[in-house]
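The values are calculated or read from the model by the stated rules, or taken from the named source; none is laboratory data. Keep in mind that this is a model prediction, so the values were computed, not measured. Virtual Cβ from ideal backbone geometry, glycine too; neighbours counted across all protein chains shown.
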Amino acid sequence: MASHTAPGIAVVTGAGSGLGRVITRALLDDGWRVALAGRRREALEETADGREQALVVPTDVADAIAVEALFRAVRDRWGRLDLLVNNAGITGPVGTPDEVDVEGWDATVGVNLTGTFLCAREAFAIMRAQEPQGGRIVNNGSIAAHVGRPGGIAYTATKHAITGITRSIALDGRPFGIACGQFDVGNAATDMTRRMQEGIVQPHGGRMVEPTFDAEHVADAVRYMVGLPLDANVPFLTVMATTMPYLGRG
């Protein structure tokens, strides 16, 4: 019978809503001790729902000082770190490249890309130095890590870059027992995808109501990834609505 990683210490960013909330609650249900990071304390506390093994740490992941404080709080509370789920992200400005303002671009890069790097940087340092050494970093890449939507240059660019971060961490982590993987989600039913029920712009210029699926299935996928022993890794995993317009032309 295959062995599995016992629940340990985790950090989940973007834990106050959407997939971050679903993943956090799944980890808590499985016995993980979880630090919940996000901008709004009230939303984080709602996710934590009074669980004793939850640590709420309001954090702007684009702020290096705030990220350092987050991981210091985890170290102070539990003394080690076994898992980072880099989930925080924003959709950013929508428009053709000439319509996207630089401020909106910078904000999207700050959260989606720099925020992922800052959290991975801190997590890697802890995992490398601790005994026993090692841990796992899991990044939310999104379907946009493969293909973008019309008007989504900022979001698409940052999510493509997450793939590069995942590959780099997976390579650099090998000597230290640090595994890194990425889950790419297409149309999980969250607040972010609610607009799809009203129709969303397609490459041909028309609108289409796109199918979604229960976000709990994403949590199950992440559970599988993080439950593996550190000598096994899922570098990339795609979970999507079966009939969404992705695999074919259009």
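Of note:
- ARG77 loosely packed, with under 15 Cβ neighbours inside 10 Å and touching a Leu at 6+ places or on another chain (Cβ under 7 Å): yes
- Output for segment 48-80, where each listed residue is in contact with a Gly (Cβ under 6 Å, 6 or more places away or on another chain) and of a type outside the set (Val, Ile, Thr): ALA62
- Tallying residues that are in a helix (DSSP H, G or I) and in contact with a Lys or Arg (Cβ under 8 Å, 6 or more places away or on another chain) within segment 78-114 yields 2.
- Condition met for ARG167 (among the basic types (Lys, Arg), surrounded by fewer than 18 Cβ atoms within 10 Å (Cβ to Cβ), free of Cβ contacts under 8 Å to residues at least 60 places away in the same chain and not in a strand (DSSP E or B)): no
- Residue in segment 152-165 that is closer than 27 Å to GLY248 by Cβ, more than 15 Å from the chain's Cα centre (by Cα) and at pLDDT below 95 present: yes
- Single residue of PHE124, PHE117, PHE71 found to be part of a helix (DSSP H, G or I), in contact (Cβ under 8 Å) with a residue 60 or more places away in the chain and aromatic (Phe, Trp, Tyr): PHE71
- Close pairs (6 angstrom Cβ cut-off, 6 or more residues apart or separate chains): over 22 Å from PHE176 (Cα atoms) in segment 218-239, of a type in the set (Val, Ile, Thr) and surrounded by fewer than 17 Cβ atoms within 10 Å (Cβ to Cβ) anywhere: none
- Residue match in segment 174-181 (condition: under 25 Å from SER17 (Cβ atoms), buried (at least 24 other Cβ atoms within 10 Å of the Cβ) and under 14 Å from the mean Cα position of the chain (by Cα)): yes
- Options LEU19, LEU27: the member that is under 24 Å from GLY186 (Cα atoms), in contact with a Pro (Cβ under 8 Å, 6 or more places away or on another chain) and either at pLDDT 95 or above or surrounded by 15 or more Cβ atoms within 10 Å (Cβ to Cβ) (or both): LEU27
- Filtered residues of segment 206-250 (kept if charged (D, E, K, R) and outside any loop (DSSP other than H, G, I, E, B)): ARG207, GLU216, ASP220, ARG223
- Filter pass, VAL138 being surrounded by 20 or more Cβ atoms within 10 Å (Cβ to Cβ) and under 16 Å from ILE162 (Cβ atoms): yes
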